[in-house]
Every structure is written in C-alpha cells, then in structure tokens.
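Worksheet: the structure to be examined is printed underneath.
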Amino acid sequence: MKIIIGAGKTAQDGFLSTQESELSLLNRENFSRILGENKAECFLAEHVFEHLTYEEGLLAAKNCFDFLQPGGYLRAAVPDGNFRNEWFQNMVKIGGSGDPNHPAFTHKIVYDYKTFVKLFESVGFEVNLLEYCDEQGRFHYRYWNDADGHIGRSFRYDTRNSEEHLGMVSIIVDAVKPKIINNY
C-alpha cells in the first residue's frame with residue numbers, strides 16, 4: 001500500500017489519499033486502523049512536516065518508520081529555509097505571513113536540509129536528498145521518479161520554477177527503511 005499523508009485535494013494513481021482526520025502522523029492507532037497487520041510500501045508527505053514541531057516531527061518519522069515495510073520509503077517535502085528569496089521566506093516562516101486563512105499560518109518550523117535529514121536519520125532511516133538549497137543558497141537537484149510519489153512543489157512541477165529562475169523550492173527527500181537480512 002502507498003499512502004499520501006495530508007493529501008488535501010491531491011490524488012495519484014496507486015496511492016491512498018488521506019487527511020489528518022484519518023491518518024494523523026502523531027497517532028499510531030490511525031496507522032494500525034488503516035494498515036492492520038500490513039506495512040506500507042510508501043508514505044508521501046508533501047509540505048506536512050513543517051506543520052509539526054521538531055519533537056512532533058520525530059514522533060511522526062518514528063511512526064512512519066515503524067509502519068513501513070523494510071525497503072519501503074517516505075518521500076517528504078518541506079519549504080527550504082536556505083532558499084534565498086525574501087518573499088518566499090516571509091510566506092513560509094513560522095506562522096506564515098500572519099493570515100490565518102493561509103496554510104502557512106500553522107507552520108511550526110522551517111527546515112534546512114541538514115536538520116530535515118537529521119530528523120529521519122535519528123529514527124533509523126537512510127536518507128537520499130533529491131532537491132534542496134545548500135548554505136550558500138545554491139540549488140541541488142537529483143533526478144527522482146514521479147511515479148514513486150509526485151511532489152507538485154518541486155523544481156520539475158511547480159510552474160514558478162524554470163532553468164533561469166526559481167520561485168518555489170522544497171527540500172525533498174526519500175527516507176528509506178533499510179532492509180536488513182541476518183544470514184546466520
């Protein structure tokens with residue numbers, strides 16, 4: 001099973017779209033209710049983790065890790081704290097621009113790539129960075145397969161981006177649960 005967490009209106013072939021009311025990252029019982037005794041092949045969380053505190057993010061990452069099959073992955077994207085664009089940073093900062101009707105109003109953290117990777121590695125994931133800005137604001141991109149989890153707010157798919165100009169940058173990672181085989 002492949003599951004989109006906090007899907008909003010997002011749907012993708014082969015994925016089950018869920019809302020926070022159905023699958024809260026902080027509620028293990030929600031995972032058990034949806035998966036039963038099974039483990040997920042993939043979780044997809046586009047712009048979800050910034051709505052949690054770092055400590056809540058750790059719990060969320062742990063829950064995803066525990067309910068993934070070995071070799072499964074969590075593809076996650078958050079706004080990039082290293083993207084050098086004043087308008088963007090004002091929009092995605094903690095509390096957003098202050099408009100309670102804007103989704104960024106509930107942002108609790110702004111990640112840079114090192115902090116986002118550390119979040120997942122600290123619960124056992126092996127992390128592959130797919131898109132991010134480094135400390136100098138340089139954008140890095142590694143090809144990723146859209147069929148493995150579509151991220152709309154990405155270099156390839158966000159219409160605010162082009163080869164000449166970036167308007168929306170997310171940190172995108174694949175956090176993989178290692179498959180370990182004891183051969184003894």
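The values are calculated or read from the model by the stated rules, or taken from the named source; none is laboratory data. Source: prediction; values computed, not measured. Neighbour counts are summed over all protein chains in view; Cβ atoms, including those assigned to glycine, are modelled from backbone coordinates with ideal geometry.
Scanning the stretch 134-160 for residues that are more than 27 Å from Ile3 (Cβ to Cβ) and of a type outside the set (Asp, Glu) yields Gln136, Gly137, Arg138, Phe139, His140, Arg160. So in the stretch 53-111, with the set limited to residues that are farther than 24 Å from Leu26 by Cβ and hydrophobic (A, V, I, L, M, F, W, C), which one is surrounded by the fewest Cβ atoms within 10 Å (Cβ to Cβ)? Result: Trp87. Annotation: Ile94 fulfils all but one of (1) out of contact with any helix residue (DSSP H, G or I) (no Cβ under 6 Å at 6 or more places or on another chain); (2) of a type in the set (Val, Ile, Thr); (3) at pLDDT below 95; (4) closer than 15 Å to Ile171 by Cα; the unmet one is (4).
Considering the stretch 1-57, and only residues there that are touching a residue at least 60 places away in the same chain (Cβ under 8 Å) and in a helix (DSSP H, G or I), the residue that is nearest to the chain's Cα centre (by Cα) turns out to be Phe49. Here the condition is being assigned to a loop (DSSP other than H, G, I, E, B), at pLDDT 95 or above and out of contact with any Lys or Arg (no Cβ under 6 Å at 6 or more places or on another chain); of His150, His140, it holds for His150 alone.
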